[in-house]
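Since the structure comes first, as structure tokens, the remarks are kept for the end.
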Amino acid sequence: MITAKFGGTSLADAAHFTMVRDILAQDPERKFIVVSAPGKRTPDDTKITDLLYRCHQASRQGGDVAATFAPVQARFQEIMDELHLDLDLSHEFQATLWAMERGAGEAFCASRGEYFSGRIMASLLDLPFLDPAQCVFFDKAGHFDSEAANETLTSKLQGLSGAVMPGFYGGMPDGTAATFSRGGSDISGAILARASGSSVYENWTDVSGVLAADPRVVANPSHIGTITYTEVRELAYLGATVLHEDAIYPVKLAGIPVHIRNTMTPSAHGTWIVAQSHEPAGAITGLAGRRGYSAIQVEKERSNTEIGYCRKILSCLERNGVPFEHLATGIGSVSLVAPTSYLDKCRADLLEDIRACVNPDTLQICDGLAMIAVVGRGMAGRPHVAAKVFTAVANAGVNVRLIDQGTKELNIVLGVEEKDYEIAMNAIFNSFFP
């Protein structure tokens, strides 16, 4: 069996719904389908999910919710009309509007794009509809409960030869809606693939697989034919957006390979994401990067002899709700890299907290960092890889502010100034992919 997930660009209008139906018909093993909300039809268009967030905002601010919701209803109705479906969602549209006007939560509002998309696809394919509010569970804290969801979903799939499930959302213990982060339909597809015991999880999108670098930064990067779960998660963590990073866990747990496919060119090979690749490893697999980081630099004489010193600093970050992504230490110094967006919410409070806890000699936050990850299973045991990376960066005139390499030798992470980000990315890429 195959579980197939289709993204928003694959479901933008009736023509795309028809295209998806034709793709599914080409392989009878594609039995379980996960759908996103319709995406943009043109570059100037607005995604359905963004329109639904506007509905919630209008409700909170006392705006005209009905007028804001009207384009959403019209778009879905247009899709149904052009598909000539015997499906009437008018009562559900009215119930949704009624809930929004009476203060429905943001998660409920945002989830309706996937819900209506799923209802339409189930009707088009004549398959049962699964509402994730009843089988994809979140706990009281809003965290996804993977084992409870897998148990319930597996039970619901018993006796079904196929089904359609909306992505992106699930249910809280009190019956209200909860959502994954944006792009979370990838996670829903992985959850359904695991629960159904599928042999392959196909993720259909608008690109022909995972690229070796961001095409907005590096011109014409090549597609990666095969990549491991661990490699793709490393790339996704620092900005490679073909697959949501949290979608890896359910399929990795079940040993299900993921096949990234292009809805617009279904004949393309795409990218296989597997547990272990038997293909010869290159020096590196790919690059990923992201701007918008800051370094929290704490210096104190003889702090290396002070037991619990780093724990106290990390506790300060925890109390202020700041996640850190990299940590570098030296004799008497600690530098933590964190997203600037989190620091902007609590900068003064965090600095005051750290001063009170560890009494540093100097303390400062340096903004304007970009992080670059060089990823590849072929890096282990190849001493020339690191030399090649740093030589490329040095020859490009870029100063490296921070270096972090994992013990598994799967990646090298560099911190550079944001103004040097694109220069460094291209220099490294051209060194390995001339």
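Kindly provide the set of residues from the stretch 206-215 that are more than 18 Å from residue 374 (Cβ to Cβ) and not hydroxyl-bearing (Ser, Thr, Tyr), ordered by number. Within the stretch 206-215, 206, 207, 209 qualify. Condition check for residue 6 on (1) of a type outside the set (Gly, Ala, Ser); (2) modelled with pLDDT of 95 or more; (3) in contact with a strand residue (DSSP E or B) (Cβ under 7 Å, 6 or more places away or on another chain); (4) open to solvent by 10 Å² or more (accessible area, probe 1.4 Å): one failure, at (4).
Filtering 181, 198 for residues that are touching a helix residue (DSSP H, G or I) at 6+ places or on another chain (Cβ under 9 Å), assigned to a loop (DSSP other than H, G, I, E, B) and buried (at least 22 other Cβ atoms within 10 Å of the Cβ) leaves a single hit, 198. Number of residues in the stretch 43-63 that are of a type in the set (Ser, Thr, Tyr), free of Cβ contacts under 8 Å to residues at least 60 places away in the same chain and surrounded by 19 or more Cβ atoms within 10 Å (Cβ to Cβ) equals 1. Just so you know, in the stretch 108-130 the residues that are in contact with a Phe, Trp or Tyr (Cβ under 8 Å, 6 or more places away or on another chain) and among the charged types (D, E, K, R) include one that is least open to solvent (accessible area, probe 1.4 Å), and it is 114. Across the stretch 281-302, the qualifying residues are those that are open to solvent by 10 Å² or more (accessible area, probe 1.4 Å) and more than 28 Å from the chain's Cα centre (by Cα), and the one among them that is nearest to residue 237 (Cα to Cα) is 297.
For the stretch 96-107, a residue qualifies if it is farther than 20 Å from residue 172 by Cα and loosely packed, with under 15 Cβ neighbours inside 10 Å, and exactly one does: 98.
Of the residues 394, 424, 387, the single one that is assigned to a helix (DSSP H, G or I) and open to solvent by 60 Å² or more (accessible area, probe 1.4 Å) is 394.
Which one is nearest to the chain's Cα centre (by Cα), of the residues in the stretch 82-95 that are in contact (Cβ under 8 Å) with a residue 12 or more places away in the chain and open to solvent by 60 Å² or more (accessible area, probe 1.4 Å)? Among them, the one singled out is 82. Taking residue 189, is it in contact with a Gly (Cβ under 7 Å, 6 or more places away or on another chain), open to solvent by less than 50 Å² (accessible area, probe 1.4 Å) and in a loop (DSSP other than H, G, I, E, B)? Here the answer is no, as residue 189 does not meet what is asked.
Does the stretch 327-335 include one or more residues that are over 25 Å from residue 234 (Cα atoms) and either at pLDDT 95 or above or open to solvent by 60 Å² or more (accessible area, probe 1.4 Å) (or both)? Yes, the stretch 327-335 has at least one match.
In this structure, is residue 116 in contact with a Pro (Cβ under 9 Å, 6 or more places away or on another chain) and under 21 Å from residue 180 (Cα atoms)? Yes. Consider the stretch 13-37 and keep the residues that are outside any strand (DSSP E or B) and in contact with a Phe, Trp or Tyr (Cβ under 8 Å, 6 or more places away or on another chain). The one that is nearest to residue 168 (Cα to Cα) is 36.
The values are calculated or read from the model by the stated rules, or taken from the named source; none is laboratory data. Quick caveat, the model's predicted, so the values are computed rather than measured. Neighbour counts are summed over all protein chains in view; Cβ atoms, including those assigned to glycine, are modelled from backbone coordinates with ideal geometry. Protein only, heavy atoms only, side chains kept; ligands, DNA and RNA dropped before computing areas. Shrake-Rupley method; radii C 1.70, N 1.55, O 1.52, S 1.80 Å.
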